[in-house]
Amino acid sequence: MSYLKYINKASGESLPGITDVGNLSNIFVDTQGHDDNPGTLAQPYKTLAVALAAVTALRKNVFLFPGTYTSAASLAWPTDVTDVLLSGMTEDPDSTVIQASAGTEVVDIVPSAAIGANNFLAFFAGVMIEGDDGVRGVTIDNTNMTASKKLIVTFRDCTFGAETDTDRSISWVHTGATDAPIKMYMHGRGLGANNIEGLVYIDPRHTDDRCKISGMNFEGGIQFGTTSIASETEILSCIMKLAGGSGGGTNQLLRSVGCVSRTGGPTYAAAAKGDFITTGSEALLSFT
């Protein structure tokens with residue numbers, strides 16, 4: 001079964017553009033390709049930076065052949081195009097690695113002010129995102145978003161590598177009083193099936209901020225910003241290292257269902273509130 005068929009079958013939410021890989025609206029990248037190519041299935045680009053720069057409103061689905069795509073700087077997500085999809089082409093996300101050896105992060109999602117006047121969506125599927133020491137994985141930045149407009153990022157069957165468990169695999173960036181909501185959805189294949197080696201940093205600053213994570217293994221833990229904002233986080237069928245969470249605010253609402261904590265070696269236990277967050281408005285509901 002091809003990965004494209006797998007993702008259509010497994011996805012609980014629709015992802016754009018996964019119907020015909022030969023369609024000219026799609027962009028292809030292969031480590032054996034060439035950046036002078038047109039980026040088609042038969043003549044793919046070589047580097048991801050060139051592929052992302054080629055994205056337009058009519059051509060915004062980027063498919064990666066298996067391999068390691070290394071950049072010497074942060075990759076800029078297309079700033080003026082919503083609904084861009086970046087997807088691997090095999091059922092194993094670890095076979096398609098997006099890596100940065102330098103820069104602040106591997107992928108930087110910062111919509112422009114023009115597109116930020118509307119809701120902005122970005123999609124990742126079936127890839128590993130890995131930064132070298134000190135390089136974050138993905139930064140989600142709503143700096144240019146108009147107030148009340150949503151920045152929505154979805155990860156489907158992705159994994160995250162990191163040099164240390166204190167390097168951030170995911171980082172939210174808000175701008176202050178005029179924040180637009182950030183919504184992040186991250187779905188793995190089952191109980192702790194997809195690894196997040198680095199730290200996940202979530203900083204709720206808007207009452208409509210939402211975070212829903214399922215099927216992930218938090219090797220680096222999770223850290224919440226401490227602003228007392230009534231936002232919601234759901235963590236489902238995940239594995240968290242013992243006492244791997246920190247931060248939070250009194251009005252932040254946190255729910256957990258079907259999660260366990262890893263206490264060391266092969267030992268697991270029912271997840272406790274302190275495994276995910278220090279301060280929150282609701283105790284975790286954990287079922288094992």
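Side notes on the structure shown:
- Only helices enter the 222 nm calculation for the chain: every DSSP H run of n ≥ 4 contributes -39,500 (n - 2.57), and dividing by all residues gives -1000 deg cm²/dmol, rounded to 500.
- Mean Cβ neighbour count within 10 Å, used as a protection proxy, ranking 76-85, 215-224 highest first: 215-224, 76-85
- Among Val138, Ile202, Thr154 - extreme Cα towards positive end, dipole of the range 3-220, charges at beta-carbon: Thr154
- For the range 3-220, convex hull of alpha carbons as volume per residue, Å³: 107
- Anisotropy class of the range 81-200 from Cα gyration tensor, a/c 1.5 cut: prolate
- Label sites at Thr278 and Val257, each approximated as a point 7 angstrom past Cα along Cα to Cβ, lie 2.9 nm apart.
- As a proxy for reagent exposure, ranking Tyr185, Tyr69, Tyr45, Tyr268 by other Cβ atoms within 10 Å from fewest up yields Tyr268, Tyr185, Tyr69, Tyr45.
- In plain terms, the chain from Asp133 to Ser228 could stretch by 31.0 nm, reckoned as 0.36 nm per residue minus the Cα-Cα distance.
- Considering only the Cα atoms of the range 137-288, their convex hull presents on average a projected area of 7.9 nm².
- DSSP bridge orientation in the chain - percent antiparallel, rounded to nearest 5: 5
- Model label points for Thr207 and Val173, set 7 angstrom from Cα along the Cα-to-Cβ axis, are 2.8 nm apart.
- Charged-residue dipole, Cβ positions (Lys, Arg, Asp, Glu), the range 3-220 about Cα centre, Debye nearest 20: 800
- Residue list for the range 220-249, given a label point 7 angstrom along the Cα-to-Cβ vector of Thr166 and an amide N cut-off under 20 Å: 220-226, 241-248
Just so you know, all these numbers are worked out from the coordinates, no wet-lab data involved. The structure displayed is predicted, hence computed values, not measured ones. Glycine also receives a Cβ, built like all others from the backbone with ideal geometry; neighbour counts cover every protein chain displayed.
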